[in-house]
Amino acid sequence: MEEVKITQISDHVYASSMEEIHDRPHLYLIVSAGESLMIDAGNSPAHARAFLSLADEMHLPMPKLLCLTHWHWDHSFGGAAIACNEAAGEKTIAVLKEISTYSYSDEAIHDRVLKGTENDFVEGCMKLEYTPEQRESMNIRIPDEVLHDKQNIPVGRILVEVHQVASDHSDENLTFLVREDSLLITGDLLYEDFYHGNAHYTTKGVRALQEGLREIPAEWFACSHNKNLITRDEVREFCRCLLNEKRLVLGEMNRDEPVFE
Ligand SMILES: [Zn+2]
């Protein structure tokens, strides 16, 4: 696996490199005046630890709070390795409570894929990220605090704003605005629904996304599985193409298959 790297992407925000084979998304530290807020926990304790040990080597402050964008395993399963409190939206917490009771043996995961409650991409990545023994004793952390839409989280001298935005990707997508940097950490907000049949968008979901983003003053969008930052204009064009059922390019992401349902 590629080594984790950390890059400063704006005045206050540092991001880890992403890794596609194991489906490791970017993780973020929002830093101000000796404090930091971590966004997303990573897909495993190993992922979370690799990120924080490199951040420590770089003399970045350890997080005072971890916030989750949504419940998907690649964003939440690293939580058990992180010392500070963890916060997430109400729906995310409810799903994590439920899936923390699941078995993650080969058979149990495959069974869920056959039933359509898990997808085979996740199955493949989870088996690469964890040994069978690790999956036998999976420790999925339940967040300690509930985050609310429009909540402000003080970090050093700045306030990080929480914005819930509706989209096809998940029932709940929390995004984190660093107003000073005109940067929105979006998690997987801009991606398809991967859990109900083939990956797809819906007209209703894309319109809700456009509506939700309209009020958020960010010129830059940090998306969890895109290598580069996306501009506001690119997001606008992306939504417009989706509504016209056109073939899509978001940043470096090229899609060849039909994605609209
Ligand atoms: Zn996701």
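If the chain linking M1 and I21 were pulled fully straight, counting 0.36 nm for each residue of separation and taking away their Cα-Cα distance, it would gain 6.4 nm. Taking the chain as a Gaussian network of alpha-carbon nodes connected by springs under 10 Å, the highest mean-square fluctuation of the residues S105, S137, S224 belongs to S137. Shape class for the stretch 53-141: prolate, because the ratio a/c of the largest to smallest gyration tensor axis (alpha-carbon atoms, square roots of eigenvalues) is 1.5 or more and a/b beats b/c. In plain terms, the bigger the Kirkwood radius, the slower the diffusion; for the stretch 93-197, with that radius from Cα pairs, at 4 °C and 1.567 mPa s, Stokes-Einstein puts D at 80 µm²/s. Which residues' amide hydrogens lie under 5 Å from the amide hydrogen of E35, considering only partners 5 or more residues apart or on another chain, with H built in the peptide plane? When sequence neighbours closer than 5 places are left aside, the close amide H contacts are G156.
Between the C-alpha center of the stretch 17-47 and that of the stretch 73-152 there is a gap of 15 Å. Exposure proxy for L128, L213, L189: other Cβ atoms within 10 Å of each Cβ, ordered fewest to most, give L128, L213, L189. Spin-label model, T117 to E145: label points 7 Å out along the Cα-to-beta-carbon direction sit 3.2 nm apart.
Going from the fewest other Cβ atoms within 10 Å to the most, the residues D171, D74, D188 appear in the order D171, D188, D74.
With the cut-off at under 14 Å, measuring from each backbone N in the stretch 144-180 to a point 7 Å along the Cα-to-Cβ line of E98 picks out 170-172. 3J(HN,Hα) along the stretch 212-228: x, 7, 3, 8, 9, x, 10, 9, 10, 10, 9, 9, 4, 10, 9, 5, 10 Hz, from the Karplus curve 6.51 cos²θ - 1.76 cosθ + 1.60 with θ = phi - 60°, whole Hz, x for Gly and Pro. Kirkwood radius, the chain, all distinct C-alpha pairs, inverse of mean reciprocal distance: 18.6 Å.
Computed from phi, the 3J(HN,Hα) profile of the stretch 119-135 under the Karplus parametrisation 6.51, -1.76, 1.60 (θ = phi - 60°) reads 10, 6, 5, 4, 4, x, 5, 5, 6, 6, 6, 10, 6, x, 5, 4, 6 Hz, with x in place of Gly and Pro. Dividing the summed helix terms, -39500 (n - 2.57) for each DSSP H run of n ≥ 4, by the number of residues in the chain produces a 222 nm estimate of -8500 deg cm²/dmol to the nearest 500.
Read the figures in this text as sums done on the coordinates, not as results from a lab. Small disclaimer: the values here were computed from a predicted structure and weren't measured. Glycine gets a Cβ as well: all are built from the backbone with ideal geometry, and neighbour counts include every protein chain shown.
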